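> Please read through the structure below; I'll follow up with questions.
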Amino acid sequence: MTCQEFYQYFIRPLLLTSYLLVVVCGYSQEKTEQTEEQNLTQSIRAGAFIFDARLRYWYAKQDDLRASNAYTFGTNFGYLTKSYKGFQVYLEGESVVAINPNIFFDGVNDQTDRTVVTDVETLELNKARVSYSDTLNETILEIKVGRQAAIVEDERFIGNVTARQDDQTFDAAMLKVLNDQKGISFEYAYMYKINRLLAEVGDWRSDSHAFRLGFSKNNMVRVGLFAHLLDFQEDAPGKSNQTYGITLDRAELPQDRTALTYKVALAYQTEYGDNPIAYDAYLINAEMGISLPKIGTFNIGYELATSDDGVASYQFPLSTGQRLHRISDVFIDPPADGLHNPYVTAEFQQIIWGIGGWLGYHVYFSEEESTQLAQEIDVVLYRPLIPGLLRAELTYSSFFAEEIRYSDLGIFALDIVVEL
């Protein structure tokens, strides 16, 4: 039985049956029909409007290409109904407009002699989901079906890439079971379409599954066992893979005292679906640091994505690349000869005059050849202009190539962000 058949014959009927059961029970007595209809109407009317907008200037210059100057305006506008018998509906539209699309390359237009800035113009349905939640004996059940932002285990593996104007979203069915008292959680996602960053041009059909089993204890230790079976069919067969791994990190950081931080991820990956390349690769990520109250968090880390004799390396097809504070996205997927990446990062709650931010420094080496490929410096600063409503963000990145197959890349960006 294929994954598509598994969803069609088991998961989908289960979700529909659950929904119908609640509806039937809610309307079973004729004398309560009018009251139930009023409650449903009130739940819809008592919902909340959600709006955010980002006015952006993004400059990028790669050595062997012309500079791009991208002036874009992105908005997300949605409505979330109030919960009715555990059910909620959320609809969100997304719009990205370029003020002058002829002076930058967005990955789709014809300005291919310019440096890429992946903020493509679009007007689309960004999210449309139905969710259900319930609590039984201290166990929380959550089900979400439809177009949504999916983060399973860690944005480094599966994330919604909010750094770009066009979000990455997923047409998916997600199940989450959580018991905080026992420190146990289970997550499952079936993803049948990946709505990527290039509007509808870059979308992938999908027949993919993601599983995570989590354990936590005393807010000090959190362990996650995960499996990702990603099949992007004929849209991106070379990106299809199956990955199995474990993560270990600190569950929560105290806000009032100094604390040590740590994170470890180990994973094994091989081809899946119709991927024509057979390979075996591993991921090792280790990070530790210190959290200082009212100051910030400082980390030192190392990530290794191995190569299979230079044929293929460990891949992150659904990752939020900036998860490790890497702005350039040059190594959003490691090269075929693998990647060593030692790094340091620092996050500041407040540097001066209410300005917070983070910075990162990375060095990249080939895993097969052990030669240095590049260095990268990244800085992001942000400051509230109107607390809770308006903020400004400044982004700077310099990628210094050390090998001929890569080119120097400089990035500067200014964002004005509105959130309601």
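The values are calculated or read from the model by the stated rules, or taken from the named source; none is laboratory data. Just so we're clear, the structure is a prediction, and the values are computed from it rather than from any experiment. FYI the Cβ positions are ideal-geometry reconstructions off the backbone, even for glycines, and counts take in every protein chain you see. Calculation scope for accessible area: heavy atoms of the full protein, side chains included, ligands and nucleic acids excluded. Shrake-Rupley method; radii C 1.70, N 1.55, O 1.52, S 1.80 Å.
> For the range 197-247, what does the equivalent ellipsoid look like in terms of its semi-axes, each the square root of 5 times an eigenvalue of the Cα gyration tensor, given largest first in whole Å?
31, 13, 7
> Another question about this same structure. Counting Lys +1, Arg +1, Asp -1, Glu -1, what net charge surrounds residue 124 among other residues with beta carbon under 9 Å of its beta carbon?
Values: positive: none; negative: 94, 166, 200.
Combined, the nearby Lys, Arg, Asp and Glu give -3.
> Over 20 Å apart: what share of the alpha carbon pairs of the range 301-402 falls there, rounded to a whole percent?
Details: 2314 of 5151 pairs.
I get 45 percent for the Cα pairs in the range 301-402 exceeding 20 Å.
> So if R0 is 35 Å, what FRET efficiency would residue 103 and residue 79 give, r being the distance between their Cβ atoms, rounded to the nearest 0.05? Can you show the working numbers first?
Numbers: r = 35 Å, r/R0 = 1.00.
In this case the efficiency is close to 0.50.
> Please give the per residue volume of the convex hull enclosing the alpha carbon atoms of the range 140-296, rounded to a whole number of Å³. Don't skip to the end; give the middle numbers.
Working: hull volume 19.1 nm³, N = 157.
Expressed per residue, the convex hull around the Cα atoms of the range 140-296 is 122 Å³.
> I've got another one for you. Need one number: convex hull volume per residue for the range 255-307, Cα atoms only, in Å³. If you can, show how the numbers build up before the last one.
On the way: hull volume 4.9 nm³, N = 53.
In the range 255-307, the Cα convex hull volume per residue is 92 Å³.
> Over all distinct alpha-carbon pairs, what is the Kirkwood Rh of the range 218-295 in angstrom? Could the numbers behind the result be given before it?
Working: mean 1/r = 0.0678 Å⁻¹.
Evaluated over the range 218-295, this radius sits at 14.7 Å.
> What accessible area per residue, rounded to a whole number of Å², is obtained for the range 160-209 using a probe radius of 1.4 Å?
Values: 1870 Å² over 50 residues.
Value for the range 160-209: 37 Å² per residue.
> Determine the per residue accessible area of the range 339-420 with all protein chains present and a 1.4 angstrom probe, expressed in square angstrom.
51
> With a sphere of radius 13 Å drawn around the Cβ of residue 408, what net charge do the other residues whose Cβ falls strictly inside it have (Lys, Arg +1; Asp, Glu -1)? Could you put the intermediate results ahead of the total?
Working: positive: 61, 405; negative: 63, 64, 376, 402, 403.
Computed value for this residue: -3.
> Multiplying the sequence separation of residue 311 and residue 53 by 0.36 nm and subtracting their Cα-Cα distance, what value in nm do you get? Intermediate results must be reported in sequence, preceding the final value.
Values: separation 258, 0.36 × 258 = 92.88 nm, distance 4.25 nm.
Contour length minus Cα-Cα distance gives 88.6 nm.
> Report, by chain and number, residues whose modeled amide H sits under 5 Å from the one on residue 104, excluding near sequence neighbours (fewer than 5 apart, same chain).
Placed amide hydrogens put 69 under 5 Å from residue 104.
> Mind listing the phi-derived Karplus ³J(HN,Hα) values for the range 78-89, rounded to whole Hz, using 6.51, -1.76 and 1.60 with θ = phi - 60°, and x for any glycine or proline?
x, 9, 10, 6, 6, 5, 10, 6, x, 9, 9, 10
> Per the 1.4 Å probe, what fraction of the accessible area of the range 181-321, in percent, lies on carbon and sulfur atoms? Please list the in-between numbers first.
Details: 3840 of 6520 Å².
Answer for the range 181-321: carbon and sulfur cover 59 percent of the accessible area.
> Near residue 269, within a Cβ-to-Cβ distance under 11 Å, what is the net charge of the other residues, with Lys and Arg +1 and Asp and Glu -1? Mind dumping the intermediate values first?
Working: positive: none; negative: 271, 280, 308.
Surrounding charge for residue 269 is -3.
> Give me the tail of P(r) for the range 79-142 as a percent: Cα-Cα pairs with distance above 12 Å.
Numbers: 1503 of 2016 pairs.
So the pairs more than 12 Å apart make up 75 percent of the total in the range 79-142.
> Treating the beta-carbon of each Lys and Arg as +1 and of each Asp and Glu as -1, no other charges, what is the dipole magnitude of the chain about its Cα centre, to the nearest 20 debye?
1660
> Against the longest alpha carbon principal axis of the chain, how many degrees, from 0 to 90 and to the nearest 10, is the axis of helix 33-45 turned?
So the helix axis and the longest Cα principal axis differ by about 20 degrees.
> Something else about it: Each residue of the range 177-188 in turn: what ³J(HN,Hα) in whole Hz from Karplus with 6.51, -1.76, 1.60 and θ = phi - 60°, glycine and Pro shown as x?
In residue order, the calculated couplings are 10, 9, 10, 5, 5, 8, x, 10, 9, 9, 10, 9 Hz.
> Which residue, chosen from 39, 125, 151, occupies the Cα position most advanced towards the positive end of the dipole of the chain, where the dipole is computed from +1 (Lys, Arg) and -1 (Asp, Glu) charges on Cβ about the Cα centre?
39
> Based on a Kirkwood Rh over C-alpha pairs, give the Stokes-Einstein translational diffusion coefficient of the range 245-378 at 10 °C and viscosity 1.306 mPa s in µm²/s. Show your work: numbers first, answer last.
Details: Rh = 16.2 Å.
In µm²/s, the coefficient rounds to 98.
> Follow-up. Could you derive backbone 3J(HN,Hα) for the range 324-333 from the dihedral phi with the Karplus parameters 6.51, -1.76 and 1.60 (θ = phi - 60°), listing whole Hz in sequence and x where the residue is Gly or Pro?
With coefficients 6.51, -1.76 and 1.60, one gets 9, 6, 10, 8, 5, 6, 4, 10, 4, 10 Hz.
> Here is a follow-up. Mind computing the radius of gyration and Dmax over the alpha-carbon atoms of the chain? Å is fine for both.
Both quantities, over Cα of the chain: 22.8, 77 Å.
> Another question, then. Find how much the distance from residue 221 to residue 403 grows on full extension, using 0.36 nm per residue of separation minus their present alpha carbon separation; answer in nm with one decimal.
Details: separation 182, 0.36 × 182 = 65.52 nm, distance 4.03 nm.
Separation in residues times 0.36 nm, less the Cα-Cα distance, equals 61.5 nm.
> Using heavy-atom solvent-accessible surface (probe 1.4 Å) with all chains present, what is the largest-first order of 212, 257? Mind showing how you got there, number by number?
Working: 212 25, 257 130 Å².
I get 257, 212, largest accessible area first.
> Determine the relative contact order of the chain: mean sequence separation of Cα pairs under 8 Å and six or more apart, normalised by residue count, in whole percent. Spell out each step's value before the answer.
Details: 1118 pairs, mean separation 42.7, N = 420.
Taking the mean separation of contacting Cα pairs over the length of the chain, I get 10 percent.
> Summing -39500 (n - 2.57) over the DSSP H runs of n ≥ 4 in the chain and dividing by its residue number, what mean residue ellipticity at 222 nm do you reach, to the nearest 500 deg cm²/dmol?
Values: 3 runs with 32 residues, N = 420.
So the calculated ellipticity at 222 nm is -2500 deg cm²/dmol.
> The range 182-232 to the range 351-386: how many Å between their Cα centroids?
26
> Report, in degrees rounded to the nearest 10, the 0 to 90 angle that the Cα long axis of helix 12-26 makes with the longest principal axis of the chain.
40
> Order of 400-408, 261-269 by packing, highest average Cβ count within 10 Å first?
Ranked by mean Cβ neighbours within 10 Å, highest first: 261-269, 400-408.
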